[in-house]
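Only one structure is covered here, and it is reproduced in the block below.
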Amino acid sequence: MTRVSKESTVARPQMLKLAEVLEEIEMSRAAFYRMRARGQAPRLRKLPNGQLRVSRADLDAWWEACAENAA
């Protein structure tokens, strides 16, 4: 019997909360904002209610760029 992972059956959210991004990239909020100040972090979007979000596409593109720069 083949087992399907939960992650493959559940759609990933298109917009992530900053806390979710920080958990995924294993980084502190302070380190993230330092990278952002240097222009090295994924783009943040501010919602009308003041909350911050990062699009899944922006985060994935940022991960790809980090992998290319490390190689």
task = Residue by residue through segment 1-38, note down the ones that are more than 13 Å from the chain's Cα centre (by Cα), modelled with pLDDT under 95 and charged (D, E, K, R).
result = R3, K6, E7
task = Search segment 60-71 for residues being more than 17 Å from A19 (Cα to Cα) and among the acidic types (D, E), and hand back the single one that is least open to solvent (accessible area, probe 1.4 Å).
result = E64
task = Test each condition in (1) of a type in the set (A, V, I, L, M); (2) within 14 Å of the chain's Cα centre (by Cα); (3) farther than 12 Å from L18 by Cα for V54 and report the one that comes out false.
result = (3)
task = Out of the residues in segment 13-59 that are in a loop (DSSP other than H, G, I, E, B) and in contact (Cβ under 8 Å) with a residue 24 or more places away in the chain, state the one that is least open to solvent (accessible area, probe 1.4 Å).
result = L44
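The values are calculated or read from the model by the stated rules, or taken from the named source; none is laboratory data. Since we're looking at a predicted model, the values are computed, not measured. A quick note on method: Cβ atoms are made from the backbone with ideal geometry, for glycine too, and the neighbour counts reach across all protein chains shown. SASA here: full protein model, heavy atoms, side chains in, ligands and nucleic acids out. Shrake-Rupley method; radii C 1.70, N 1.55, O 1.52, S 1.80 Å.
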